Amino acid sequence: MLQAIFFLTLVSLIHCSPLLVAPQPATFPISRRFNLDLSFGNLLQRDQARARAFLDRAGRNPGKRAPPPANVGVENSGTIYLSTVGIGTPPTEYTLLVDTGSSNTWVGADRSYRQTSSSRCTGNGTGPVSMSYGSGSFKGQECFDTVTLGNGLTITNQSIGVASQSSGFGGIDGILGLGPVDLTYQSVDGVSSVPTVMDNLYAQGTIPQEILGIYFQPSSESHSPNGELTYGGVDASKYTGAITYTPITSAYPSYAFWGIDQNLTYGSTSLSPRLSGIVDTGTTLLLLATDIYDKYVQATGARLDKNSGLLRITQAQYQNLQNLNFIIGGTTFTLTPNGQIWPRSSNNYIGGDYDSIYLIVGDMGYKSGQGFDFINGYAFLERFYSVYDTTNQRVGFATTPYTTSTSN
């Protein structure tokens, strides 16, 4: 009888005990939009303005290994990616820019913030917040709310900015900041830093690792959605081969961002010794320091097109174009000749001629040696899978089915 009672008790305990399910990575689609109002300058000028803004922020702490005190937004970008994010209980949906070059998440640029039962805009951590983004700006108040990134992926008590005034974000509600937490330094009055969306996803046990995987399709592809974010891991179905990881660079100021070291070759010709720079979804082009850029121009024979701001080559020069190689973490990642040109079907977006061939390599506007020698923007990232690993302080890359695509 005692054995029977013990058995029934054990079965009852097993039946009533909740199953502990380990958190899993979650993948959600993102959509591409061309954001080219030529009244604000050509594509190169927009990307250069973003690069200068990065350096300007870093320059506020000259000689100190301290992070920039604010973020740089993506409203100047020619190509942007958007994610639908719910805020509040029940959630109001907002369309936010996906930005690895900034870390504060905020709303209210287009659709106004709607307070609900989960909103808190008073008390600790809710001070004034303001940021300048070059041609755009935002100021308002920091609040705390529930953020929903997709089915089952919810963050409670997430710090978000709420805009009372903004400019430069027409038709877009704000930014989904996916950069390192150091970029939030002193962005809110009275607060040293603000835990990011990724920080809180991990801290609240919603994702298994503080890792973000990003997949883009080339802008010449017409599929929708055009990319995806994987929170907490990677999507192995979107890349080929192994992921190569490289540690965050130690060079200032790149180390405060998703910064890496790399070498560049054009064909078999070295363009640079080791360079330090950043990986940024908010920059459209591949930007190189002026001295490195000049070597690339000389090697390709390209000419600067004043209307578009991009380098232009002839059909004969395109036929002779060599691979542009990025040596990262001991692995060579190659932009093929087709990967180095702007998609010809989109020449009209940049003020270019329909039948011309434009290159996606641009001049940063200053020489190398400042610890910020390049920005591997969307033109690079659309050819590779990228991984942003806060847990292990590293960035990863892998090839995809589009790495050698000839769709441009």
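The values are calculated or read from the model by the stated rules, or taken from the named source; none is laboratory data. Note that this is a predicted model, so its numbers are computed, not measured. Here Cβ is always computed from backbone atoms with ideal geometry, including for glycine, and neighbour counts include all displayed protein chains.
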Checked G177, G227 against criteria (closer than 19 Å to G125 by Cβ and not acidic (D, E)); the one match is G177
Could you identify the single residue in D189, D199, D182 that is surrounded by fewer than 19 Cβ atoms within 10 Å (Cβ to Cβ), more than 21 Å from T283 (Cα to Cα), in contact (Cβ under 8 Å) with a residue 60 or more places away in the chain and charged (D, E, K, R)?
D189
Total residues in segment 291-303, condition among the hydroxyl-bearing types (S, T, Y) and either within 15 Å of R274 (Cα to Cα) or free of Cβ contacts under 8 Å to residues at least 12 places away in the same chain (or both):
1
Residues located in segment 249-271, provided they are hydrophobic (A, V, I, L, M, F, W, C), part of a loop (DSSP other than H, G, I, E, B) and more than 21 Å from the chain's Cα centre (by Cα):
L271
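Residues checked against (1) under 26 Å from G179 (Cβ atoms); (2) modelled with pLDDT of 95 or more:
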site: A289; (1), (2): yes, yes
site: K295; (1), (2): no, yes
site: T300; (1), (2): no, yes
site: I327; (1), (2): yes, yes
site: N348; (1), (2): no, no
site: D363; (1), (2): yes, yes
site: I375; (1), (2): yes, yes
site: N408; (1), (2): no, no
For segment 118-134, give me each residue that is under 29 Å from G232 (Cα atoms) and assigned to a strand (DSSP E or B).
R120, V129, M131
Considering only segment 337-382, state which residues are assigned to a loop (DSSP other than H, G, I, E, B), crowded, with 24+ Cβ neighbours inside 10 Å and not β-branched (V, I, T).
W342, M364, F372, D373, G377, E382
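Matching residues to (1) buried (at least 21 other Cβ atoms within 10 Å of the Cβ); (2) hydrophobic (A, V, I, L, M, F, W, C):
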site	(1), (2)
D235	no, no
T240	no, no
F257	yes, yes
D261	no, no
S272	no, no
S276	yes, no
L286	yes, yes
D291	no, no
G309	yes, no
Close pairs from segment 304-325: first closer than 17 Å to I292 by Cβ, partner surrounded by 15 or more Cβ atoms within 10 Å (Cβ to Cβ) and of a type in the set (K, R), Cβ under 9 Å, at least 6 apart
L304/R312
Given the conditions (1) modelled with pLDDT of 80 or more; (2) in a strand (DSSP E or B), every one holds for R50 apart from (2)
Inside segment 273-320, can you point out the residues that are charged (D, E, K, R) and out of contact with any Leu (no Cβ under 6 Å at 6 or more places or on another chain)?
R274, D280, D291, D294, R303, D305, K306, R312
Hey, among the residues in segment 112-133 that are of a type in the set (G, A, S) and touching a residue at least 60 places away in the same chain (Cβ under 8 Å), which one's farthest from Q165 (Cα to Cα)?
G125
Lone qualifier among L38, L82, L96 - being assigned by TED's automatic domain parsing to the domain that holds V129, in contact with a Gly (Cβ under 8 Å, 6 or more places away or on another chain), at pLDDT 90 or above and surrounded by 12 or more Cβ atoms within 10 Å (Cβ to Cβ)
L96
